[in-house]
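What follows is one structure encoded as structure tokens, with my remarks underneath.
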């Protein structure tokens with residue numbers, strides 16, 4: 001699914017209005033109805049609802065929502081932060097409609113100064129319809145006072161489209177204390193907004209829900225964008241079905257260079273994940289002391305034994321392998337770094353780098369110029385920082401990630417709540433599966449094994465990254481339902497890979 005910047009969202013609105021055709025006020029009604037249906041399921045009628053409406057179309061959405069809530073028997077106080085003579089035409093229509101039906105117990109008031117602001121009880125529900133998307137400067141004056149008043153209330157806050165004060169396509173954290181609504185929920189209109197995928201905005205956005213208001217798919221299909229959100233239908237299209245007469249030779253041979261003294265668990269996890277991801281054969285290149293561990297914990301995997309007892313020091317014959325990954329648990333010994341350099345120099349096919357392999361490359365950046373095209377990196381944020389440098393915010397880090405992929409013609413899988421995959425042509429894909437329970441040791445080793453297993457089967461680098469990240473997160477979500485967040489382990493992710501595949505096949 002495409003992620004549109006604000007200018008293109010406005011164009012999508014205008015195109016829909018012109019070509020559906022539909023009047024602006026009716027598109028607003030459609031958006032308000034989507035929000036109302038969500039609110040009706042979430043809220044009971046014992047709580048007072050306070051809707052703060054700005055002078056633009058976001059305020060018009062809020063006024064239309066208020067009308068729908070009135071008619072359903074909710075107690076609603078509407079606070080308009082503008083002279084009614086200065087609001088947009090569609091907002092004015094909803095203002096006039098609302099005036100005709102205000103029931104007893106509810107109210108509508110004009111807020112002209114901070115002195116007019118009503119008290120907000122912590123048991124109330126606040127709906128933020130002040131600004132929405134497209135804000136280009138920090139709120140000030142009355143709007144800033146209102147935002148700070150709402151944030152200090154302790155009430156549950158629902159933002160419409162975008163929390164007021166939040167920038168969509170650039171960082172909001174230019175001030176030490178940005179004036180932004182801190183929403184518990186954000187009801188945003190499809191397509192999704194870029195800002196929602198970065199951790200710095202989580203305190204403002206909260207739990208966001210994507211609502212389809214029927215913007216022209218014809219326009220969206222041709223809109224030139226660089227950002228995308230992974231969805232299940234897209235993953236189903238990537239997933240390859242197996243032929244009845246297939247055999248293990250059809251599904252490739254993965255080599256995972258992993259493990260060192262004290263870190264053989266990483267090798268076990270990556271081996272089991274590669275096996276569960278569908279590779280026909282999996283070979284683990286490990287130090288000599290790990291033989292009994294691997295043959296016991298992952299008997300389906302074959303072994304390539306390094307001459308060193310404790311570390312990766314020598315590159316095996318690579319001719320038999322369709323996928324090569326290096327990094328989980330290998331450590332950063334000088335002999336290991338030398339062997340990794342030899343691997344890069346003697347391999348023309350894409351390589352997959354994780355963990356300590358990334359840390360070694362971060363200390364030897366001149367080697368990056370020799371990377372095989374379409375190689376894959378799977379760093380967590382700190383590893384990426386070592387590799388590409390520090391950033392002041394997540395928007396800047398995302399730009400650095402794209403630049404790295406462009407410069408070295410590689411794929412970066414930057415792990416996080418919305419794992420971001422950047423490509424050699426500058427695109428970025430944000431994942432939508434996964435949960436905080438996956439923030440546990442070994443989870444990254446599992447992802448490396450999954451991507452290596454998919455790449456071995458012939459999935460190109462982009463598809464292996466997208467499908468691997470999505471399956472990894474989906475498996476974590478399935479595991480979370482059984483284990484909860486705290487008890488979830490990396491092995492639980494592996495054990496749920498089968499159900500993740502079946503979910504994509506439509507069997508669950």
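Side notes on the structure shown:
- Part-to-part distance (alpha-carbon centres) for the stretch 389-408 and the stretch 155-204, which is given in Å: 22
- Percentage of interatomic Cα-Cα distances in the stretch 2-227 larger than 27 Å: 28
- Relative contact order (percent, whole number), the stretch 2-227, Cα cutoff 8 Å, 6+ residue spacing: 23
- Shown for the stretch 259-331 is the translational diffusion coefficient from the Stokes-Einstein equation, using the Kirkwood radius over Cα pairs, a temperature of 10 °C and a viscosity of 1.306 mPa s: 131 µm²/s.
- Exposure proxy order (Cβ contacts within 10 Å, fewest to most) of 313, 422: 313, 422
- MRE, 222 nm, helices only [DSSP H, n ≥ 4, -39500 (n - 2.57), over the chain, to nearest 500]: -12000 deg cm²/dmol
- The simple spin-label model puts a point 7 Å past each Cα toward its Cβ; for residue 406 and residue 382 those points are separated by 3.0 nm.
- Proxy reagent accessibility, fewest Cβ within 10 Å first, across 253, 472: 253, 472
- Multiplying the residue separation of residue 101 and residue 363 by 0.36 nm and removing their Cα-Cα distance gives an extension gain of 87.5 nm.
- A viscosity of 0.692 mPa s and a temperature of 37 °C, combined with the Kirkwood radius over Cα pairs in Stokes-Einstein, give a translational diffusion coefficient for the stretch 250-505 of 185 µm²/s.
- Modelled spin labels at residue 112 and residue 231, positioned 7 Å past Cα toward Cβ, are 4.7 nm from each other.
- Separation of the stretch 436-496 and the stretch 287-345, taken as the distance between their Cα centroids, equals 22 angstrom.
- Taken over the alpha carbons of the stretch 45-113 as equal point scatterers, the Debye sum produces base-10 log I(q)/I(0) values at 0.16, 0.18 Å⁻¹ of -0.45, -0.57.
- Cut-off 15 Å, label 7 Å out along Cα→Cβ of residue 11, residues of the stretch 204-243 by amide N: 216-227
- Label point 7 Å beyond Cα of residue 288 along Cβ direction - residues of the stretch 240-262 with amide nitrogen under 17 Å: 260-262
- Residues 19, 47 arranged by fewest to most Cβ contacts within 10 Å: 19, 47
- Shape analysis of the chain based on the Cα gyration tensor places the equivalent ellipsoid semi-axes at 51, 22, 21 Å, largest first.
- Multiplying the residue separation of residue 243 and residue 40 by 0.36 nm and subtracting their alpha-carbon distance yields 68.3 nm.
- For the stretch 162-246: span of alpha carbons on each principal axis (Å, largest first): 62, 29, 22
- Residue 499 paired with residue 314, simple spin-label distance in nm, labels 7 Å along Cα-to-beta-carbon: 4.4
- In the distance distribution for the stretch 1-104, Cα-Cα pairs more than 15 Å apart total 65 percent.
- For the chain, the relative contact order works out to 12 percent when only alpha carbon pairs closer than 8 Å and six or more residues apart are counted.
- For the stretch 222-286, the square roots a ≥ b ≥ c of the C-alpha gyration tensor eigenvalues yield an a/c of 1.5 or more together with a/b not exceeding b/c, which makes the shape oblate.
- Cα gyration tensor shape of the stretch 317-417, rounded if a/c is under 1.5, else prolate or oblate by comparing a/b with b/c: prolate
Quick note: the coordinates plus some simple rules give every number you see, no bench work behind them. In this text, all values refer to a predicted model and were calculated from it rather than measured experimentally. Here Cβ is always computed from backbone atoms with ideal geometry, including for glycine, and neighbour counts include all displayed protein chains.
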